[in-house]
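In what follows, a single structure is set out as structure tokens and then discussed.
Only the coordinates and a few stated rules stand behind these numbers; no lab work does. It should be emphasised that the depicted structure is a prediction, and the values quoted were computed from it without experimental measurement. Using ideal geometry, Cβ is built from the backbone for each residue, glycine included, and neighbour counts are taken over all protein chains shown.
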Amino acid sequence: MKDRSLNFRVFKAILALPVTVGVLIPAILLYLSGWQWGDGCLWRLMVGAICLLAGLTLAIWTIRLFQNKGKGTLAPWDATRHLITSGPYAYVRNPMITGIFLILTGEACLLGSYAIGIWTVLFLVINLIYFPLSEEPGLRARFGKEYDTYCQNVPRYIPRLTPWKRRESFGKGTLIHSNEAQSEIM
């Protein structure tokens with residue numbers, strides 16, 4: 001029953017956040033701007049398709065990590081129960097925002113829409129302000145020193161070149177968390 005409940009909560013959060021930001025608002029902007037299909041320049045279409053696919057992949061990956069490892073959703077009102085430091089979170093603290101940014105950039109390029117381009121920049125600016133002022137203090141309050149250590153080792157927006165491996169002391173050894181593997185060192 002808990003899995004069903006979590007699945008429904010994740011579904012609601014996806015509808016409320018990424019679908020609103022990445023589908024509903026761009027659709028409204030296209031309608032209000034009187035958008036019509038443009039020249040379909042090949043380079044713009046290729047860049048758009050690459051950004052869109054990369055963004056979708058990253059967004060889906062992070063949503064699954066929230067659900068499976070964090071035991072929560074991407075929504076701040078139904079946050080994860082565990083700090084996620086694996087997968088894309090081993091490289092950057094906000095991969096979900098990177099994913100949505102890439103989706104919006106892809107849409108703007110594919111559709112040749114300046115309105116979606118402006119929305120993309122606005123979305124980025126809002127999140128550049130929101131995360132340090134609201135999200136991070138909440139994470140720090142929930143996860144304490146564990147989150148502080150994570151912040152000291154993983155950048156907020158620009159990814160690391162190598163994954164960060166979290167080390168925790170557990171009695172005789174140290175547990176190292178990396179992307180998917182966990183091993184104990186004696």
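Report the calculated FRET efficiency for Y31 and A141 (r = Cβ-Cβ distance, R0 = 41 Å), to the nearest 0.05. Don't skip to the answer; put the middle values down first.
Working: r = 41 Å, r/R0 = 0.99.
According to the calculation, E is roughly 0.50.
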Going highest first, how would you order 144-152, 44-52 by mean Cβ packing within 10 Å?
-> 44-52, 144-152
Placed amide H near R166: partners under 5 Å, 5+ positions off or other chain = H177
Rounded to one decimal in nm, the spacing of the 7 Å Cα→Cβ label points at I60 and I158 is 3.1
By the mean-Cβ-within-10 Å protection proxy, highest first, 126-137, 55-66, 91-102 rank as 91-102, 55-66, 126-137
Work out, step by step, the length gained on full extension between S134 and M46: first 0.36 nm times the residue separation, then minus their alpha carbon distance; give nm to one decimal.
-> 28.1 nm
Computed ³J(HN,Hα) along the stretch 137-144: with the Karplus parameters 6.51/-1.76/1.60, θ = phi - 60°, integer Hz and x for glycine or proline, the list is x, x, 5, 5, 5, 7, 10, x
